[in-house]
Amino acid sequence: TASVGGNEMDAVRNYFNTAGFDRWRRIYGETDDVNNVQLDIRQGHAETVEKVLAFLKKGGLEGVTVCDVGCGTGSLTVPMILEGAIVKASDISSAMVSEAEKKVAEALKSSNLSKPFKPPTFETNDLESLKGKYHTVACIDVLIHYPKDKAAGMIAHLASLAEKRLIISFAPETPFLAVLKRIGELFPGPSKATRAYLHTEADIEAALKAAGWIVKNKDMTSTKFYYSRLFEAVPQGNL
Ligand code: SAM
């Protein structure tokens, strides 16, 4: 049976160090070696990153500590650093972490920074092993790798790392997406090497609530092949 911890986590790590790394590095990159489905996912994901940044900038980012959990190739880490955030970027895949480091170095070289910046720290680790306290924790498009029965524990751990703000996105479980997933259209190509898990809004809100957090803002991105529900949560009482 599926569980994160044990075999499934190993499978996810292995996938994002090999075929998954190659696939997602291209999807999250700028080069044109992507097919139409991948291009659609790239554009959808870029919209999510824009929406996350909009949430983050409202509260301010300069000098703010952020943990980017499951940072991938650094799509969110890079713009946060350019806004002056103090970022810890972590991922279960060492290939992803190296790529994120590379992207940060490139961005810092090519940008004329008007704001002071702090170089991020990087960590290769599964998110359950992350420690520390951060003003903000961001975890974008990672819950798709968590089966339903592991989602609440994962969210509780993220909440324990965050002091003021938790930003989390997930592929929402809707009748339409459930059908797409069943016919294998939602995650086409080699990504089928890992399972994809959808989550209901109610489940994610309940998990946040159980951890003492409340959803303050929501957003949603949907393209043809990319669906991401976005929550910004704050500790209960801070709303
Ligand atoms: N957050 C990034 C973004 O939006 O650009 C990357 C999203 S990508 C779909 C999912 C990432 O989560 C991969 O880089 C993968 O290695 C990472 N990941 C999956 N399970 C993880 C876990 N248990 N702990 C830490 N990272 C994990």
The residue from Thr77, Thr65 that alone is of a type outside the set (Gly, Ala, Ser) and within 11 Å of the ligand (Cβ to nearest atom) is Thr77
Looking at Leu53, is it touching a helix residue (DSSP H, G or I) at 6+ places or on another chain (Cβ under 8 Å), part of a helix (DSSP H, G or I) and over 17 Å from Asp126 (Cα atoms)?
-> yes
Being assigned to a helix (DSSP H, G or I), of a type outside the set (Phe, Trp, Tyr), away from the ligand (no atom under 13 Å from the Cβ) and modelled with pLDDT of 95 or more narrows Lys102, Lys109 down to just Lys102
Limited to segment 140-179, what total is found for residues that are assigned to a helix (DSSP H, G or I), within 11 Å of the ligand (Cβ to nearest atom) and touching a Ser or Thr at 6+ places or on another chain (Cβ under 8 Å)?
-> 3
With the first residue restricted to segment 25-40 and required to be free of Cβ contacts under 8 Å to residues at least 60 places away in the same chain and within 16 Å of the ligand (Cβ to nearest atom), and the second required to be among the small types (Gly, Ala, Ser) and in a loop (DSSP other than H, G, I, E, B), Cβ contacts under 7 Å at 6 or more apart or on different chains are Tyr28/Gly72; Tyr28/Ser75
Which of (1) within 15 Å of the ligand (Cβ to nearest atom); (2) more than 20 Å from Asp10 (Cβ to Cβ); (3) assigned to a helix (DSSP H, G or I) does Val87 not meet, given it meets every other one?
-> (3)
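The values are calculated or read from the model by the stated rules, or taken from the named source; none is laboratory data. In this text, all values refer to a predicted model and were calculated from it rather than measured experimentally. Note that we place each Cβ from the backbone using ideal geometry, even for glycine, and neighbour counts take in every protein chain shown.
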